[in-house]
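The values are calculated or read from the model by the stated rules, or taken from the named source; none is laboratory data. All figures in this text were calculated on a predicted structure; none of them were measured in a lab. As a convention, Cβ positions derive from the backbone with ideal geometry for all residues, glycine included, and neighbour counts pool all protein chains shown. The area values use the complete protein model at the heavy-atom level, side chains included, leaving out ligands, DNA and RNA. Shrake-Rupley method; radii C 1.70, N 1.55, O 1.52, S 1.80 Å.
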Amino acid sequence: MVDYHTANQPYQPGPSNNGGGPYMAQDDEWDRDMLLDPAWERQQRKTFTAWCNSHLRKSGTQIENIDEDFRDGLKLMLLLEVISGERLPKPERGKMRVHKINNVNKALDFIASKGVKLVSIGAEEIVDGNSKMTLGMIWTIILRFAIQDISVEETSAKEGLLLWCQRKTAPYKNVNVQNFHISWKDGLAFNALIHRHRPELIEYEKLRKDDPVTNLNNAFEVAEKYLDIPKMLDAEDIVNTARPDEKAIMTYVSSFYHAFSGAQKAETAANRICKVLAVNQENEHLMEDYEKLASDLLEWIRRTIPWLEDRVPEKTMHEMQQKLEDFRDYRRVQKPPKVQEKCQLEINFNTLQTKLRLSNRPAFMPSEGKMVSDINGCWQHLEQAEKGHEEWLLYEIRRLERLDHLAEKFRQKASIHEAWTEGKEALLKQKDYESATLSDIKALIRKHEAFESDLAAHQDRVEQIAAIAQELNELDYYDSPSVNTRCQKICDQWDLLGSLTHTRRESLEKTEKQLETIDQLYLEYAKRAAPFNNWMEGAMEDLQDMFIVHTIEEIEGLIAAHEQFKSTLPDADKEREAILGIQNEAQKIADYNNIKLSSGNPYTSITPQSINSKWEKVEQLVPKRDGALQSEQDKQQSNEHLRLQFAKQANVVGPWIQTKMEEIGRIAIEMNGTLEDQLNNLKQYEQRIIDYKPNIDKLEQQHQLIQEALIFDNKHTNYTMEHIRVGWEHLLTTVARTINEVENQILTRDAKGISQEQMHEFRVSFNHFDKDHTGALGPEEFKACLISLGYDVENDKAGDAEFNRIMAIVDPNSTGSVTFQAFINFMSRETTDTDSADQVIASFKVLAGDKNYITAAELRRELPPDQAEYCIARMAPYQGPDAVAGALDYMSFSTALYGESDL
């Protein structure tokens, strides 16, 4: 029982800054100030009396003196019954003081039963006609029954009423409602409230701010005549009071609020519709953005893949290197922004789906071919084409390098052979043996034998020339026709030389019986000079031979072979001196025997001078070969340095990326703190990863140097640039996706009203049962998690049915695992409410005045212009039997906002 007799201090009328808490407690400032303002008391007495009479007249009675007429409690009980719509206990009809006190106590008990905490107000003071206590009691009743239930945007009581006034008067000039006292002194705010709801009653533009009495009286008279709001204030009292009484103003303004409650319902309905339409418009904008971004990305992929799949080789190394440079430019400049666009596309898609789910809308289905999976498929095709293009470029460069080497080798060997064969046909065709002496004939035979030996020695070179030409054909050398022509000419000439040699031998052998003398010394010279000469020519050819190597080991092998060749030079020099000694010996014998030698050796065209000349050429080529090999060794050492430099950096960057991938995996599972803390930590973590990008760029620069040096292998590391690129892109994408998941969780939490404690509890429960840290729960793990959260899914018939229902929600595709996002979506749906199609239909029904259709004019009147036009453009004409011209079907439109599943 509330103690109405406890009175710490008497009631003091005065202004209040408190609109009432949950229990509408009496304002203590009245008692603390101990001040009595006659103007305030007069305003309260008049206002409260008018307010009471506005309700008592419904029962055919009224009061004249607020202090006296409530003393017996009868009209007080009647007032409470009228304003509450409830019956109070039967009053006592006696005239004695005790009867009056009992009646007042019944009224005070009823007030207390409505959750009102009465302070310093007792029945005795009311019965005794205590003015201050009576006014305090009436103010308490006004607060509880006229003001407490006022709510605007989740505010209540005084704040809600003030916000309502501010919104309604916002469009009016010279009106700025900041309180319930001086903001109303000029009367414009009262007139603005009436004009906002009933513009035909007030000519607002004719009112002047400097004529407050006229303004106030105009508002009071219109309100009393047309709105059935009794005049509760006096214009002169308000104007002549420095600070009008707040409670009197609030009481009178609350009457306006209740008078316009129907319009307030329409405004609430309009606000709800605007909120739903804003969500839909934003979602459509996000869908359009996704479609455009997806289209642009797919179009770029479709344009790029044919370029990457173009495998038409160029004819020269320079042209192929230009293709390689174009490919590097694609890797460095064109592709990285598209990687970011692809990642952003997935983030936008996930965010959009989360927003649709939170607003109870159907999931977004992109246009055919523009799903994230479609884009991933096209992206995989792109990367496959990219990998194939790079492999093809490197293969073609190696092939062209090999072709250039073979072509040069072919030209060199062909030139040497053609130089050797020059004049050989004419030599073989001459018939000098017909007029030669016997000794000359024998000499010619020996000379021919030497030529045959020389011819046989050149057989290997001809075969090499043919083999090189064949290889150039097989490798599709661009200048193969000229090579084939030259090779065919050499082979035809070689066959002709063979035929001519055979014919000449037969002719010489026919006359051999006539030949008796032969110069054995010349013959021995010729036989030894020919192979030695051939050896020198082969040595010169080898010393001038081009070489191509790719590793330090290969060049060291060539250097070792060259050193081995140089070690044979002393023996070769001895052989040269021995051959020259034979020639000298023949000359000595001729001189000794007075033999006149013919000019030159009849058995060979190889003179001592040519041997010495070629020997000098060999001696000159040896140091040149030394220099070329040394230069190549320096190049290979430089390449080896590039390999080691790249490997050193790659062996740091590769494990770093792997470590970060493992770390982000753990972070995604073991998140602690608030979601905002997690998001902040993840973004800081992402920034640290981004700050590591210079190391990737440095590695790219080193990789470019390696490619420019045509280095194709690296035994010092298992990491290729392709591995590093893929790992880096995957790391960035994973971090971005993890951040997006936390952002979606924040979005889910805020939209669904999930507390931080609930979100933390969900995360802890999920991680506890995620034993293998995969980020997903199996069916049994998920069941244990649900049981820990209080769900009855034990192994009985009802529990199994409930569990199967939940699994169908969290794992609709029956994958056998439940992700954390699916778990959060389920828990948010279980623990919070969302708007629905029924709510939107009900709101439209309010705006339409309970009709089954709404008109364009009604939409334009109740909704902001852009949202009104949005509805008009999308609503179908109403087809019901009660349809009128211009009727629109708001029910089908509301249902379409949520999809058929909401029905």
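Normalising the Debye intensity of the stretch 761-903 to I(0), with uniform scatterers on Cα atoms only, and taking log10 at q = 0.10, 0.16 Å⁻¹ returns -0.56, -0.80.
Looking only at Cα atoms, what is the convex hull volume of the stretch 837-903 per residue, in Å³?
Working: hull volume 5.6 nm³, N = 67.
That works out to 84 Å³ per residue.
Report, to one decimal in Å, the Kirkwood hydrodynamic radius for the stretch 186-227 based on all distinct Cα pairs.
Values: mean 1/r = 0.1009 Å⁻¹.
Mean inverse Cα-Cα distance, inverted, gives 9.9 Å.
Counting only alpha carbon atoms, the long axis of helix 131-142 and the longest principal axis of the chain meet at about 40°. Here the label points at Gln344 and Thr551, each 7 Å from Cα along the C-beta direction, are separated by 4.6 nm in the simple model.
Just to be sure I understand the curve: with the Debye formula and one point per C-alpha of the stretch 251-382, what is log10 I(q)/I(0) at q = 0.16 Å⁻¹? Scattering profile of the stretch 251-382, log10 relative to I(0): -0.89. When the Debye formula is applied to the Cα atoms of the chain, each taken as the same point scatterer, what base-10 log of I(q)/I(0) results at q = 0.09 Å⁻¹? Rounded to two decimals, the profile gives -1.10. Against the chain, whose longest principal axis comes from its Cα atoms, helix 756-769 is set at around 40 degrees. Candidates Leu863, Val764, Asn680 compared by Cα position along the dipole of the chain: farthest toward the positive end lies Leu863, with charges placed on Cβ. Distant-in-sequence amide contacts of Ile229, defined by a placed amide H-H separation under 5 Å and a gap of 5 or more residues or a different chain, comprise Glu224.
Over the stretch 139-251, accessible surface divided per residue gives 43 Å², non-protein components excluded, 1.4 Å probe.
Per residue, how many Å² of accessible area does the stretch 62-123 show with a 1.4 Å probe?
On the way: 3050 Å² over 62 residues.
Ligands and nucleic acids excluded, the result is 49 Å² per residue.
When +1 charges are put on Lys and Arg Cβ atoms and -1 charges on Asp and Glu Cβ atoms, the dipole computed for the stretch 191-349 relative to its Cα centre reaches about 620 debye. Surface calculation, 1.4 Å probe, protein heavy atoms: Met365 sits at approximately 140 Å² accessible. Starting from 0.36 nm per residue, how many nanometres of slack lie between Glu757 and Ser788 once their C-alpha separation is accounted for? Taking Glu757 through Ser788 to full extension adds about 9.6 nm, to one decimal.
Rounded to the nearest 10 degrees, the angle from helix 480-510 to the longest Cα principal axis of the chain is 20 degrees.
Under the convention that each Lys and Arg Cβ holds +1 and each Asp and Glu Cβ holds -1, the size of the dipole of the chain around its Cα centre is about 2340 debye.
Rounded to two decimal places and with Rh computed the Kirkwood way over Cα pairs, what is Rg over Rh for the stretch 440-562? Rounded to two decimals, Rg/Rh equals 1.12. Report note on the peptides 462-473, 702-713: ranked by the mean count of other C-beta atoms within 10 Å, highest first, their order is 462-473, 702-713.
Which value in Å does the Kirkwood hydrodynamic radius of the stretch 307-361 take, with 1/r averaged over all unlike C-alpha pairs and then inverted?
Numbers: mean 1/r = 0.0692 Å⁻¹.
Taking the inverse mean of 1/r over all distinct Cα pairs, the stretch 307-361 comes out at 14.5 Å.
Only helices enter the 222 nm calculation for the chain: every DSSP H run of n ≥ 4 contributes -39,500 (n - 2.57), and dividing by all residues gives -23000 deg cm²/dmol, rounded to 500. If you wrap the tightest convex hull around every Cα atom of the stretch 154-196 and split its volume per residue, you get 65 Å³.
Based on the Cβ-Cβ distance from Ser507 to Ala578, what FRET efficiency comes out when R0 is 45 Å, to the nearest 0.05? Provide the component values of the computation, followed by the final result.
Values: r = 33 Å, r/R0 = 0.74.
Here the calculated transfer efficiency is 0.85.
Charge tally for Gln340 (other residues, Cβ to Cβ under 12 Å; Lys, Arg +1; Asp, Glu -1): 0. Sorted largest first, the spans of the alpha carbon positions of the stretch 96-247 along the three principal axes are 58, 35, 29 Å.
Sorting His562, His760 on solvent-accessible area from highest to lowest, probe radius 1.4 Å, gives His760, His562.
Can you tell me the order of 120-127, 333-340, 885-892 when each peptide is scored by its average per-residue count of other Cβ atoms within 10 angstrom, highest first? Intermediate results must be reported in sequence, preceding the final value.
On the way: 120-127: 21.5, 333-340: 13.2, 885-892: 17.4.
So the peptides 120-127, 333-340, 885-892, ranked by packing, come out 120-127, 885-892, 333-340.
Net charge dipole, the stretch 712-795: roughly 260 debye, given to the nearest 20, about the Cα centre with Cβ charges of +1 for Lys and Arg and -1 for Asp and Glu. P(r) for the stretch 372-514, from all Cα pairs and a bin width of 5 Å, is 2, 8, 14, 13, 10, 9, 8, 7, 6, 5, 4, 3, 3, 2, 2, 1, 1, 1, 0, 0 %, short bins first.
Equivalent-ellipsoid semi-axes (√(5λ), Cα gyration tensor) for the stretch 695-794, whole Å, largest first?
Details: eigenvalues 428, 65, 13 Å².
In descending order the semi-axes read 46, 18, 8 Å.
If packing is taken as the average count of other Cβ atoms within 10 Å, what order do 346-356, 479-489 fall into, highest mean first? Before the final figure, lay out the partial values.
Numbers: 346-356: 18.5, 479-489: 14.5.
Ranking, from highest mean packing down: 346-356, 479-489.
Taking every alpha-carbon pair under 8 Å whose residues sit at least 6 apart, the chain reaches a relative contact order of 10 percent.
Ranking Leu394, Phe327, Met250 by how far each Cα lies toward the positive end of the dipole of the chain (charges on Cβ) leaves Met250 at the top.
As a calculated quantity, the FRET efficiency between Thr674 and Lys315 at R0 = 60 Å, using C-beta atoms, amounts to about 0.40. Taking the three principal axes of the alpha carbon atoms in the stretch 370-432, the coordinate ranges are 92, 16, 8 Å, sorted in descending order.
Given a 1.4 Å probe and the protein chains as shown, Ser131 ends up with an accessible area of around 20 Å².
For the chain, which whole percent of the accessible surface, found with a 1.4 angstrom probe, sits on carbon and sulfur atoms? Taking all protein chains in place, the chain shows 51 percent carbon and sulfur surface.
Putting +1 on Lys and Arg Cβ atoms and -1 on Asp and Glu Cβ atoms, find which of Leu747, Asn191, Ile305 reaches farthest to the positive end of the dipole of the chain. The one lying farthest along the dipole's positive direction is Asn191.
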